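Take a look at the structure set out below.
The values are calculated or read from the model by the stated rules, or taken from the named source; none is laboratory data. Note that the coordinates shown come from a computational prediction; the quantities given were computed from them, not determined experimentally. Please note: Cβ atoms are built from the backbone with ideal geometry, for glycine as well, and neighbour counts cover all protein chains shown. Areas reflect the complete protein model, heavy atoms only, side chains present, ligands, DNA and RNA absent. Shrake-Rupley method; radii C 1.70, N 1.55, O 1.52, S 1.80 Å.
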Amino acid sequence: MNTQEEIVMKLKNSFCSFTKFATMTYVAKKRAALAFLLFIGISLSAAEITFSPGVGGTVHTVRSFFEVENIGESDTLSQKAVTYIIPVPSTGIDMHFTHETSGFTFSIINNIGRPITLFKQGGFGNEKQYTIGSIVDGQILFGYTYGVKQPFSIHCGIGPGVAAGSFRPWKNKTIGTTFYYAVSPVALHIGLQYLFTQHIGITASIHDMLSFSGIFITHKSSNPSEKDKITGTFGLGNTFTLRLAVSFRL
């Protein structure tokens, strides 16, 4: 086995490991969220609860030193680094559980976007796709609220997060499904909240999630006897969201 084949085999094994890890992390995140919600429900008398549904924009990126083409039989690596950029109009809801005395805040962040365009730069060549599908990302954060019970307050937090998406081009019929994932140990959030009344206000927030990310695209073969070609990569990624939301404080 030559050096290139060894590298490709390692990439396949790494991709499988990352995919399994992403799935396990997503399931674990949901279970942890339910457990924390139960804990918080028991101690509601000591918590200020804020729901912030809103709209905004998200940019998902994946960067790597290489791109893999035709995983299966004749695998090759690109000579150029590659960057995938996926801008997404998004909607979501932030839930903050804040201790009224200490200011400790537990936050659950949920976000869903519908990709419009996928941009690829480098690798085996630049590419642009108009897409149909969705990307979901979420974080569980631990942080602090400055200005509890005040009209103006600031939420901030840090914790793990994940993202996953599946979409396809709506014009190019030769390209099949695109799968994207991101697993992050360090997701960050900061939100500025102003309440016009005791219970209703507005929030502007920023979410940033540094991650281990991957993206893989299936290219359909015109010959039924041939296997579909797959291109893609995995490396470091980022998910950045700006959102404007209505806040409801209980």
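Take TYR180 and tell me if it is over 24 Å from the mean Cα position of the chain (by Cα) and either of a type in the set (Ser, Thr, Tyr) or part of a strand (DSSP E or B) (or both). Walk me through it before giving the result.
On the way: over 24 Å from the mean Cα position of the chain (by Cα): no; either of a type in the set (Ser, Thr, Tyr) or part of a strand (DSSP E or B) (or both): yes.
So TYR180 does not fit the description; no.
Yes or no: ILE200 β-branched (Val, Ile, Thr), out of contact with any helix residue (DSSP H, G or I) (no Cβ under 8 Å at 6 or more places or on another chain) and loosely packed, with under 14 Cβ neighbours inside 10 Å?
Yes.
Of the residues LEU44, LEU77, only one is within 29 Å of ARG249 (Cβ to Cβ), of a type in the set (A, V, I, L, M) and either open to solvent by 20 Å² or more (accessible area, probe 1.4 Å) or modelled with pLDDT of 95 or more (or both); which?
From the options LEU44, LEU77, the qualifying one is LEU44.
Condition first: without any contact (Cβ under 8 Å) to a residue 24 or more places away in the chain and in contact with a Lys or Arg (Cβ under 9 Å, 6 or more places away or on another chain). Now tell me which residues in region 199-248 satisfy that.
The one that is without any contact (Cβ under 8 Å) to a residue 24 or more places away in the chain and in contact with a Lys or Arg (Cβ under 9 Å, 6 or more places away or on another chain): SER221.
Looking for something in contact with a helix residue (DSSP H, G or I) (Cβ under 9 Å, 6 or more places away or on another chain), under 17 Å from GLY232 (Cα atoms) and not in a strand (DSSP E or B) - is there at least one such residue anywhere in region 78-92?
Looking for residues that are in contact with a helix residue (DSSP H, G or I) (Cβ under 9 Å, 6 or more places away or on another chain), under 17 Å from GLY232 (Cα atoms) and not in a strand (DSSP E or B), one finds none in region 78-92, hence no.
Residue by residue through region 175-197, note down the ones that are polar (S, T, N, Q), surrounded by fewer than 22 Cβ atoms within 10 Å (Cβ to Cβ) and in contact with a strand residue (DSSP E or B) (Cβ under 6 Å, 6 or more places away or on another chain).
Within region 175-197, just THR177 meets the criteria.
Each row is one residue, and each column tells you yes or no for (1) open to solvent by 70 Å² or more (accessible area, probe 1.4 Å); (2) part of a strand (DSSP E or B); (3) of a type in the set (Val, Ile, Thr).
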site	(1), (2), (3)
MET209	no, yes, no
ILE215	no, yes, yes
LYS227	yes, no, no
GLY232	no, yes, no
THR241	no, yes, yes
ALA245	no, yes, no
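Within region 103-121, take every residue that is out of contact with any Phe, Trp or Tyr (no Cβ under 9 Å at 6 or more places or on another chain) and surrounded by fewer than 20 Cβ atoms within 10 Å (Cβ to Cβ) and give me the one that is nearest to PHE66 (Cα to Cα).
Ranking the qualifying residues of region 103-121, first place goes to ILE112.
Among the residues of region 158-174, which ones are closer than 30 Å to THR98 by Cβ, β-branched (Val, Ile, Thr) and either open to solvent by 50 Å² or more (accessible area, probe 1.4 Å) or at pLDDT below 95 (or both)?
Result: ILE158, single match.
Looking at this structure, is PHE142 open to solvent by 20 Å² or more (accessible area, probe 1.4 Å), aromatic (Phe, Trp, Tyr) and out of contact with any Leu (no Cβ under 7 Å at 6 or more places or on another chain)? First the steps, then the outcome.
Numbers: open to solvent by 20 Å² or more (accessible area, probe 1.4 Å): yes; aromatic (Phe, Trp, Tyr): yes; out of contact with any Leu (no Cβ under 7 Å at 6 or more places or on another chain): yes.
Yes; evaluated as a whole, the condition is true for this residue.
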